[in-house]
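Below is one structure; the comments refer to it alone.
None of the figures in this text is laboratory data; all of them are computed from the coordinates on show. Every value quoted in this text rests on a predicted model; they were computed, and no experiment measured them. Here Cβ is always computed from backbone atoms with ideal geometry, including for glycine, and neighbour counts include all displayed protein chains.
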Amino acid sequence: MKKIFVLFSALLLVLSAMAQDSLLVYQNNGSVLSFAITEIDSIKFVKKPVIKVNSISLNRVAIGLLQDDNYTLQATVDAEGATMPIIEWSSSNSSIASVDSNGKVSALKAGSVTITATAGDKQAQCAITVVANGESVYRHGYSELSDSDKAIYNYILKQILAFESNATTYSDINHRVYLDFASQGMTVDQNKVMKLTNLIIRDVPEAYVLVNYIYRYDYSNYQYYLRVIISYTPEKYATEMAQIYDACNSITAPVTPTTSEFEKAKIIHDGFIDWADYGGVSNANCGNITGSFITKKAVCEGFSRAYLMLCQRVGLKCIYVTGSMMTSSTSGNWGNHAWNLTAVDNVWYLMDTTTDGGFPGICGYRAFLLGTDSYSETYKYEGTGGSDENVSNVAYSALPTVSKTDYDWAERP
């Protein structure tokens, strides 16, 4: 015969619901357990002790993770009594990041999410920013690397996003994120660290927000480190990235699984031009996605990084490039500039949202999916004036071949 033990806090016994030949046990979650009377020898009621929870905290209040990475949050509970309460974990969006019963967070796709730990009537939260990896979106610099260099690239990016080994010194105006390559079994030299870091800040707009300085070397402990801008804390980064992802979602909302690549390019081109204006030169964020998506004022660098991020969100191949643009055909003047190369139906074209928009009420298509015949006289890539960017500047090894002709768009103005 079975003996039934019932915990007051876990189960609600409703004796009036006892049928002639069975006992129905109603649980807090609404489900019902049925036991045949013939199977019951006795019923014993055990009162579960009440645990008073004073507080709960987590070891991190915010952290950035690379897609497919994971991180285990550690909870500290202040409770009265010898018995510790069970901690319940939940995610505000489990399609972006899930969490198991031990606090292990798994980053699944790009976006922002909140992980909540609950003990008794107390809660603690951690804001998670998930950044897409080079396997799920096209990153041109990443695509050029060997498997071993991709692993180093990913390690550097993970450290940047997580603010790991974050420290400051009295003489340092930036946070230091140390890179312990030896602990990862990785062999690097200064050229490789410089190249991969430079590729990251070109490939990953979400990382450029934090790090726009190349590596440094700390001779006191013989380690490389990056300098994260002092104004950024993990909490601030998580807050801003949530706003940026919301902006991206708003702009890309018209895109569906059946939207063609041309329509994707046009939707995000038009949507971003409506979203932001050229300007904010005095703003430190004018050259990154914070200026583009939050303050809505940016220069060509910010416009181009924003368009790169939008392309990555909708699955288009896109590259952030820099160089110069002719500002006056009569005097032959050139000015520093940034723009994009975008692939539509496996053919690469120039895309320059700064030229097409930038000013309120204006959305043109002068630099929308252009071929080299249209732009070779007015755009020069960094340091070369040719088809490839300068390798000595630690940029890409090469750029893809761009179409000679513009995209064949019958309705082009």
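A few comments on the model shown:
- Unsatisfied cross-links (Cα-Cα over 20 Å) in the set LYS158/LYS236; LYS158/LYS192; LYS236/LYS317; LYS109/LYS158: LYS236/LYS317
- Spin-label model, ARG412/ASP345: points 7 Å from Cα along the beta carbon direction are separated by 1.3 nm.
- Residue separation of ASP373 and ASN249 scaled by 0.36 nm, minus their Cα-Cα distance, works out to 41.2 nm of gained length.
- Whole-number percent relative contact order across the range 195-273, with pairs defined as alpha carbons under 8 Å at least 6 apart: 17 percent
- Charge context of SER374, other residues only, Cβ under 14 angstrom, K/R +1, D/E -1: -3
- Between THR116 and PHE359, the contour length at 0.36 nm per residue exceeds the Cα-Cα span by 83.3 nm.
- Each Lys and Arg contributes +1 and each Asp and Glu -1, all at the Cβ; summed about the Cα centre of the range 59-179, the dipole is approximately 180 debye.
- Potential extension, ASP218-ALA151 segment - 0.36 nm per residue separation minus Cα distance: 21.9 nm
- From most to least packed by mean Cβ count within 10 Å, the peptides 94-102, 307-315 give 307-315, 94-102.
- The residues packed around SER98, meaning those with a beta-carbon under 13 Å from its beta-carbon, carry a net charge of -1 if Lys and Arg are +1 and Asp and Glu are -1.
- Virtual spin-label span in nm between SER143 and GLN74, 7 Å along Cα→Cβ: 4.1 nm
- Shape of the range 215-266, Cα gyration tensor, a/c cut at 1.5: prolate
- Distance between modelled label sites at GLU164 and SER331, nm, 7 Å Cα→Cβ extension: 5.2 nm
- The listed peptides 196-207, 263-274, ordered by packing as a protection proxy, come out as 196-207, 263-274 (highest mean of other Cβ atoms within 10 Å first).
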